[in-house]
1. Kindly list the number of the only condition in (1) under 19 Å from the mean Cα position of the chain (by Cα); (2) over 21 Å from residue 379 (Cα atoms); (3) open to solvent by 30 Å² or more (accessible area, probe 1.4 Å); (4) free of Cβ contacts under 8 Å to residues at least 60 places away in the same chain that fails for residue 295.
2. Restricting to the stretch 321-336, count the residues that are over 19 Å from residue 265 (Cβ atoms) and in a loop (DSSP other than H, G, I, E, B).
3. Criterion first (within 30 Å of residue 138 (Cβ to Cβ) and of a type in the set (Asp, Glu)) does residue 83 satisfy it?
4. Can you go through 191, 207 and tell me which one is open to solvent by less than 50 Å² (accessible area, probe 1.4 Å) and not small (Gly, Ala, Ser)?
5. Whether any residue in the stretch 62-72 is among the aromatic types (Phe, Trp, Tyr), at pLDDT 95 or above and either touching a Cys at 6+ places or on another chain (Cβ under 9 Å) or within 25 Å of residue 31 (Cβ to Cβ) (or both) is what I want to check.
6. In the stretch 78-116, what residues are touching a Leu at 6+ places or on another chain (Cβ under 8 Å), aliphatic (A, V, I, L, M) and part of a loop (DSSP other than H, G, I, E, B)?
7. If you go through the stretch 277-292 one residue at a time, how many are under 30 Å from residue 162 (Cα atoms) and free of Cβ contacts under 8 Å to residues at least 40 places away in the same chain?
8. Looking at (1) in a helix (DSSP H, G or I); (2) surrounded by fewer than 17 Cβ atoms within 10 Å (Cβ to Cβ), can you tell me which one residue 302 breaks?
Amino acid sequence: QLCHKTCPVISISGSNGKGSCVALIEACALQMDYKVGTYTSPHLLIYNERIKIAGKNVSDETLIKAFDQIEQVREQILLTYFEFGTLAALLIFKQANLDLMILEVGLGGRLDGVNIIDADIAVISTIDIDHSAWLGNDRESIAQEKAGILRANQMAICGDPNPPESLQLIVQQLNVRMATQGQDFSYERQPSSWTFHYDNQRIEDLPLPSLALQNSATALRALISLQTLLPIDLSAIRKGLQSVCLAGRLQTIPGDITHVLDVAHNAQSIEHLATHLKQFSKKRQILAVFSMLADKDIASAIRPLIHLIKTWFVAPVDNERSAPSKELINSLESYGIQHHQSAKNVLSAYQQALSQAQTGDIIVIFGSFYTVSPVLQFLIR
């Protein structure tokens, strides 16, 4: 019964940019007064962030009620942590009388719990090397897993300007109508605005959002595709682009010492972080609070930042999959980096960085949700 749709559904898969696409589509749809449900993962501060209705986290009571209902009917069926949460989200959404449902795929696509839903529009944000133990060691293999959310004759959006051949082959086999960034739609940045191009049309003077324009363009193309199911309004899209905010994604907190928090955890996303940091004056020193999970390609991930960071402060994250400090340091030293310090945990590493930062410096906290979360909690306490 949970698989029976009561409103249009957008499913979003990809290596990077999934959360940004969800937030951008949600912000624009809320400006159109649509009742929107979003399911995302992981969370930064509290579990309730994963399930939102009308832009608000669901309550503890709502979550507990949904979990109880699932527990009563699952009998001998074993559910993973993520599957339990996904079913709870779908149950809550089914009871909420939504106008639009936006579902973020947790891992891959083909075997992910979210994929029990046949979405009206499938979005694949980007494809990069990540979760190799589960998805494969190259973009072709990973793209096949991401393409698992596609359905025959469906509308799809690909935000990756260089989609692997394996994805294109599946699109052809399923007769999917896929719009690809760089081919069917694109964006052009101006100093204080941007222009969106699609289907020989253009939307000019769009406000610059706080999130990456590559993801903004992907989200805007998805919204345009949605128009056959829900009317869209350009003025509301402009307001949505201005209002969108997503914690932990290039989140910049100004002050005597500027903080940049980013959950980037692979080469593609950290390359984007490096581009963001380069906009700051070269006279400003950058200190990094850094940790990653052990199953990531740590050396490749940090390469884009090795010439930008003055001092690295490393520590294990509070997760059983954490990379030990020694492994993080070995990756840094493989590039000849000697300016590093270690701490017992991420918050201690941050406090070390803060004690050594001077007015005007930048502290960037990155590498994982588990790296950003304790520092963000400390900053907003």
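1. Residue 295 satisfies all of (1) under 19 Å from the mean Cα position of the chain (by Cα); (2) over 21 Å from residue 379 (Cα atoms); (3) open to solvent by 30 Å² or more (accessible area, probe 1.4 Å); (4) free of Cβ contacts under 8 Å to residues at least 60 places away in the same chain except (4).
2. Adding up the residues that qualify gives 1.
3. Taking the combined requirement at face value, the residue satisfies it.
4. Selected residue: 207, the only one of 191, 207 that is open to solvent by less than 50 Å² (accessible area, probe 1.4 Å) and not small (Gly, Ala, Ser).
5. Looking through the stretch 62-72, none of the residues is among the aromatic types (Phe, Trp, Tyr), at pLDDT 95 or above and either touching a Cys at 6+ places or on another chain (Cβ under 9 Å) or within 25 Å of residue 31 (Cβ to Cβ) (or both).
6. 79, 107
7. So the count comes out to 2.
8. So the condition that residue 302 fails would be (2).
The values are calculated or read from the model by the stated rules, or taken from the named source; none is laboratory data. These figures come from a predicted structure and were not determined experimentally. Cβ: placed from backbone, ideal geometry, glycine included. Neighbour counts: every protein chain shown. Accessible surface is based on the protein model in full, side chains and every heavy atom, while ligands, DNA and RNA are left aside. Shrake-Rupley method; radii C 1.70, N 1.55, O 1.52, S 1.80 Å.
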